[in-house]
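The values are calculated or read from the model by the stated rules, or taken from the named source; none is laboratory data. The structure displayed is predicted, hence computed values, not measured ones. So basically every Cβ, Gly included, is an ideal-geometry build from the backbone, and we count neighbours across all protein chains shown. Keep in mind that these areas ignore ligands, DNA and RNA; they rest on the heavy atoms of the full protein, side chains included. Shrake-Rupley method; radii C 1.70, N 1.55, O 1.52, S 1.80 Å.
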Amino acid sequence: MAGSLLEFRAPDTLRRRRPLSIDNLWYERVSRFGLGRSKFRSSVAPKSSVAPKSAAPRLEAPPEPPSEPYEFSDLHKDSFRALAASVSFVGVCTLLFAGLSVVFALGEAYMGFVPNGIGTAAVAAVYGVMAWWMVSAGRSLSAMVRTRGQDIERLMEAVVQLRRLFGLARVVIIVLAMLVTVGGALVVWCNVMVAPGGKCLGVFG
């Protein structure tokens, strides 16, 4: 009877000495592949569930309100009105002079003075271009006085026309000054250096 009890209780003692647990089973299975218990636990450690902090949203500056277009005062517009009238008047008169110059050029060519007709036609062309720019500038200034909210745009249009006008006038003045200088130097050279008291320019009489 005692021997049978020992034989019957032997498995219970074995179970108590080595209790079965989930860790023991995992260690026994994983140890065959060369992994230790500490390595296996670190490899299967759960990841942190804390989400990364997102960057704080940037505060954008509020949009600036649209600025109102610049408007000249009534006193300034009176000055611009007088300037527009003067520029337009000079432009129209210059345009009439250009037309008369064209008529004179045709008459000179008809009478046989072709070189004089060509010169007069060139002068008429210059007058016509200058007159057109002056009339355009006066029209832009008049529009600036009449309208609202477009003062700067109209003023710049007039400035562009006037810049072209005075640029051409500068070129014409430089060319005329050079011609007068060359002509005067030629006359002095002929009358003083070459033939004193005589005429060396027989072509011109």
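Residues in the stretch 129-140: is at least one at pLDDT 90 or above, surrounded by 11 or more Cβ atoms within 10 Å (Cβ to Cβ) and of a type in the set (Phe, Trp, Tyr)?
Of the residues in the stretch 129-140, the ones at pLDDT 90 or above are 129-140.
Filter once more, so that each one left must be surrounded by 11 or more Cβ atoms within 10 Å (Cβ to Cβ): 129-140.
Within this subset, residues satisfying the condition of being of a type in the set (Phe, Trp, Tyr) are 132-133.
Within the stretch 129-140, one or more residues are at pLDDT 90 or above, surrounded by 11 or more Cβ atoms within 10 Å (Cβ to Cβ) and of a type in the set (Phe, Trp, Tyr).
If you scan the stretch 101-128, which residues turn out to be open to solvent by 80 Å² or more (accessible area, probe 1.4 Å) and of a type in the set (Ser, Thr, Tyr)?
Selection gives Tyr110, Tyr127.
Pairs only if they're at least six apart or on different chains, beta carbon under 6 angstrom, first in the stretch 172-187 and open to solvent by 100 Å² or more (accessible area, probe 1.4 Å), second among the β-branched types (Val, Ile, Thr); list them, first residue then second.
Listed pairs, sorted by first residue: none to list.
May I ask you to list the residues in the stretch 74-93 that are more than 18 Å from Ala158 (Cα to Cα) and either open to solvent by less than 90 Å² (accessible area, probe 1.4 Å) or of a type outside the set (A, V, I, L, M) (or both)?
Passing the criteria: Asp74, Cys93.
Being at pLDDT below 80, assigned to a helix (DSSP H, G or I), open to solvent by 90 Å² or more (accessible area, probe 1.4 Å) and not basic (Lys, Arg) is the requirement here; does Val203 meet it?
Yes, satisfied.
Which ones in the stretch 141-166 are surrounded by 13 or more Cβ atoms within 10 Å (Cβ to Cβ) and among the hydroxyl-bearing types (Ser, Thr, Tyr)?
Selection gives Ser142 alone.
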